[in-house]
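> Have a look at the structure that comes next, please.
The values are calculated or read from the model by the stated rules, or taken from the named source; none is laboratory data. No experiment lies behind these values; they were computed from the predicted model shown. Note: ideal-geometry Cβ built from the backbone for every residue, glycine included; neighbour counts use all protein chains shown.
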């Protein structure tokens, strides 16, 4: 029952996270390359990106440890799960790369806020948010990937 609500929520949040990431990256790049001041909107863009990412990670962890029948199968016999590409992807690769992406976003936001000048704030935000986005994109089970899942689930 919980799974039928959390999986679509996890899917919808993916699109919100990606939109927030793109917005934060575009703000950072525009500020960096345009030599602009660091504004409240720049800080808010990073904040919303990390908040949405945190909510996404939380929903994903509940799916991982509590609600997903796929993960329940994998966790019962982890050794056997490593022999199956789908199970291995979700049991190890997806979660680790997504956590690395979340960590990169948080480090980037922290470093950007601590930087002394606006150019460095924008540069750090652009680099770390960009790295976070690349990690996230690499770990999404896209329809064209080996562990294909639909773009939208209801």
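> Residue 92 fails exactly one of the following numbered conditions: (1) touching a helix residue (DSSP H, G or I) at 6+ places or on another chain (Cβ under 8 Å); (2) surrounded by 14 or more Cβ atoms within 10 Å (Cβ to Cβ). What is the number of that condition?
(1)
> Quick test for you: out of 99, 75, 134, 61, pick the one residue that is farther than 20 Å from residue 19 by Cα, under 13 Å from the mean Cα position of the chain (by Cα), surrounded by fewer than 16 Cβ atoms within 10 Å (Cβ to Cβ) and free of Cβ contacts under 8 Å to residues at least 60 places away in the same chain.
Of the residues listed, the single one that is farther than 20 Å from residue 19 by Cα, under 13 Å from the mean Cα position of the chain (by Cα), surrounded by fewer than 16 Cβ atoms within 10 Å (Cβ to Cβ) and free of Cβ contacts under 8 Å to residues at least 60 places away in the same chain is 61.
> So, one more: Of the conditions (1) part of a helix (DSSP H, G or I); (2) surrounded by fewer than 20 Cβ atoms within 10 Å (Cβ to Cβ), residue 25 fails just one. Which one is it?
It fails just one condition, (2).
> Let me ask another. Do you know which of the residues in region 78-87 that are assigned to a helix (DSSP H, G or I) and touching a helix residue (DSSP H, G or I) at 6+ places or on another chain (Cβ under 6 Å) is farthest from residue 23 (Cα to Cα)?
For region 78-87, the residue satisfying everything is 81.
> Which condition does residue 28 not pass, out of (1) closer than 30 Å to residue 117 by Cα; (2) at pLDDT below 95, if it passes all the others?
Checking residue 28 against (1) closer than 30 Å to residue 117 by Cα; (2) at pLDDT below 95, the one that fails is (2).
> Out of the residues in region 106-123 that are part of a helix (DSSP H, G or I) and without any contact (Cβ under 8 Å) to a residue 60 or more places away in the chain, which is surrounded by the fewest Cβ atoms within 10 Å (Cβ to Cβ)?
Among them, the one singled out is 114.
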